[in-house]
1. Return the calculated 222 nm mean residue ellipticity for the chain, to the nearest 500 deg cm²/dmol, obtained by summing -39500 (n - 2.57) across DSSP H runs with n ≥ 4 and dividing by the residue count.
2. Considering only DSSP beta bridges with both partners in the chain, what is the antiparallel share in %, to the nearest 5?
3. What distance in nm separates the simple spin-label points at A189 and R84, each placed 7 Å from Cα in the Cβ direction?
4. Running Debye on the range 109-179 with equal point scatterers at the Cα sites and no solvent, what base-10 log of I(q)/I(0) appears at q = 0.11, 0.12, 0.15 Å⁻¹?
5. Looking at the range 1-93, which chymotrypsin sites (Phe, Trp or Tyr not before Pro) are in a loop (DSSP not H, G, I, E or B) and have at most 16 other Cβ atoms within 10 Å?
6. Would you mind telling me the share, in percent, of accessible area of the range 42-208 contributed by carbon and sulfur at probe 1.4 angstrom?
7. Kirkwood hydrodynamic radius of the range 1-79 from all distinct Cα pairs, in Å?
8. Would you give the gap between the C-alpha center of the range 166-207 and the C-alpha center of the range 88-147, rounded to a whole Å?
Amino acid sequence: MSEPQRDAQEFWDEFYDGDDRIWSGWVNVHLALIAAGLAPGRALDLGCGEGADAIWLAEKGWQVLAVDVSANALDRARAAARQREVLPHIHFERHDLSDSFPAGRFDLVSAQFLHSPARLERDTVLRRAAEAVAAGGLLLIVDHGAAPPWAGEQAHAHHFAAAEEVLAGLRLDHARWERLRVGTAERDAVGPDGQTATLTDNVILLRRTPNGDVQAAS
Ligand SMILES: C[S@@+](CC[C@H](N)C(=O)[O-])C[C@H]1O[C@@H](n2cnc3c(N)ncnc32)[C@H](O)[C@@H]1O
């Protein structure tokens, strides 16, 4: 019998309880490399955590809607945005994305490491993420492709979905989407005890066709 899944807010509020920062505070590297070349517009950051990506985007001129299930995470992200003086450019909303999704269409929808040991209807959430992309806009999904060397046995036993599997789960109409990048990417990282390693991520970058509907015949 499978174990009942924990409530997402309860799990993540506990995770973000206390004062110690959890993530590095740096923007996720694949997002930074991809978004550096884009004209700023409206961005949606799904599972924003402590807000590093949202802040980076706001500093580059984007108007950002940053969403997380954890009120504690959002408090941290808001405080960091205030300190970096970009609070007016980021709107924070709490959603359990399995149950509710922010309104609107965005030029960039980003889901960076939107993984969870608690309840998360990931395929449904990522399908809704695709729906939220404006005509001509981008969907960027970055996932862990493998466990880091410092992770425990359980993480090493975990099946990490390949980028193609995640793409298939989106059930997109391929006539309406341009596949810009679907595959693995490496990243240097530092572990909890200062150990360094090269980690494998999955990067999925798709563009909704500019007319938002059917791609023109070439
Ligand atoms: C692994 S962390 C990644 C955080 C951030 N994107 C980053 O790259 O540093 C996953 C984030 O997704 C959020 N999250 C997990 N399940 C969620 C859900 N059902 N709805 C909204 N956010 C969720 C968590 O609170 C957490 O901040």
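1. That comes out to -7500 deg cm²/dmol.
2. Taking every DSSP beta bridge within the chain, about 50 percent pair in antiparallel fashion.
3. Spacing of the two 7 Å Cα→Cβ label points: 2.0 nm.
4. -0.32, -0.37, -0.56
5. W23, W26
6. Result for the range 42-208: 46 percent of the exposed heavy-atom area is carbon or sulfur.
7. Final number for the Kirkwood radius of the range 1-79 is 13.6 Å.
8. Cα centres, the range 166-207 to the range 88-147: 14 Å.
The values are calculated or read from the model by the stated rules, or taken from the named source; none is laboratory data. A quick note: this is a predicted structure, and the numbers were derived from the prediction, not measured. Cβ atoms come from the backbone with ideal geometry, glycine included; neighbour counts cover every protein chain shown. All accessible areas refer to the heavy atoms of the entire protein, side chains included, with ligands and DNA or RNA removed. Shrake-Rupley method; radii C 1.70, N 1.55, O 1.52, S 1.80 Å.
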